[in-house]
1. Give the residue list of trypsin sites (Lys or Arg not before Pro) in the stretch 12-109 that are DSSP loop and have at most 16 other beta-carbon atoms within 10 angstrom.
2. Between E104 and T67, what length in nm is gained on full extension when 0.36 nm per residue of separation is reduced by their alpha carbon distance?
3. If the only charges are +1 at each Lys and Arg Cβ and -1 at each Asp and Glu Cβ, what is the size of the charge dipole of the stretch 1-102 around the Cα centre, to the nearest 20 debye?
4. Restricting attention to the stretch 7-52, which GluC sites (Glu not before Pro) occupy a DSSP loop and are surrounded by at most 15 other Cβ atoms within 10 Å?
5. What's the center-to-center distance, using Cα atoms, between the stretch 89-109 and the stretch 50-64 in Å?
6. Where does each of L97, L88 land when they are ordered by accessible area, with a 1.4 Å probe and the largest first?
7. Per DSSP helix of 4 or more residues, -39500 (n - 2.57); summed, then divided by the residues of the chain. What does that give at 222 nm, rounded to the nearest 500?
8. Please compute the length gained on full extension between L74 and L97, using 0.36 nm multiplied by the number of residues separating them and subtracting their Cα-Cα distance.
Amino acid sequence: MTSIVHRLTFRVSRERTLDLDTEVWYAGPVDAPIRSGVSAETLAELRAAVESVKHFVLGVPEDTAITVEYVYDLPGVSAEVWQAHRELRARLCEAGLSEDDRAELLLSA
């Protein structure tokens, strides 16, 4: 029996809240049955919020595997820059660098 892995893409951007007039991260599902997304103050909180709603967005049971992809939409950062970043990350992973070493290397570059 082959298990199906569902895929879900969220577009992530910075948005200004109407009620508090503050900047937050917003993640809205792309090409999903539900259009409303989630927001949070930090990217870590945003990822946790996406994890908590991803099964609901697709209307699948909690034990269903879902791979989430994030597409970042930030002013001044082109799609080519994001692609170069993904390629660099993949090469650093292939080179055997730990997540901590990759972060330190990128912060010091």
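The values are calculated or read from the model by the stated rules, or taken from the named source; none is laboratory data. All values reported here derive from a predicted model rather than from experimental measurement. FYI the Cβ positions are ideal-geometry reconstructions off the backbone, even for glycines, and counts take in every protein chain you see. Just the protein is used for accessible areas: all its heavy atoms, side chains included, with ligands, DNA and RNA removed. Shrake-Rupley method; radii C 1.70, N 1.55, O 1.52, S 1.80 Å.
1. Answer by residue number: R35.
2. Details: separation 37, 0.36 × 37 = 13.32 nm, distance 2.64 nm.
Difference between extended and current length: 10.7 nm.
3. Dipole magnitude for the stretch 1-102 comes out near 300 debye.
4. Those that pass, being in a loop and sparsely packed, are E41.
5. 31
6. Ranked from most to least accessible, the order is L88, L97.
7. Per the formula, -12500 deg cm²/dmol.
8. Numbers: separation 23, 0.36 × 23 = 8.28 nm, distance 2.73 nm.
That works out to 5.5 nm of additional length.
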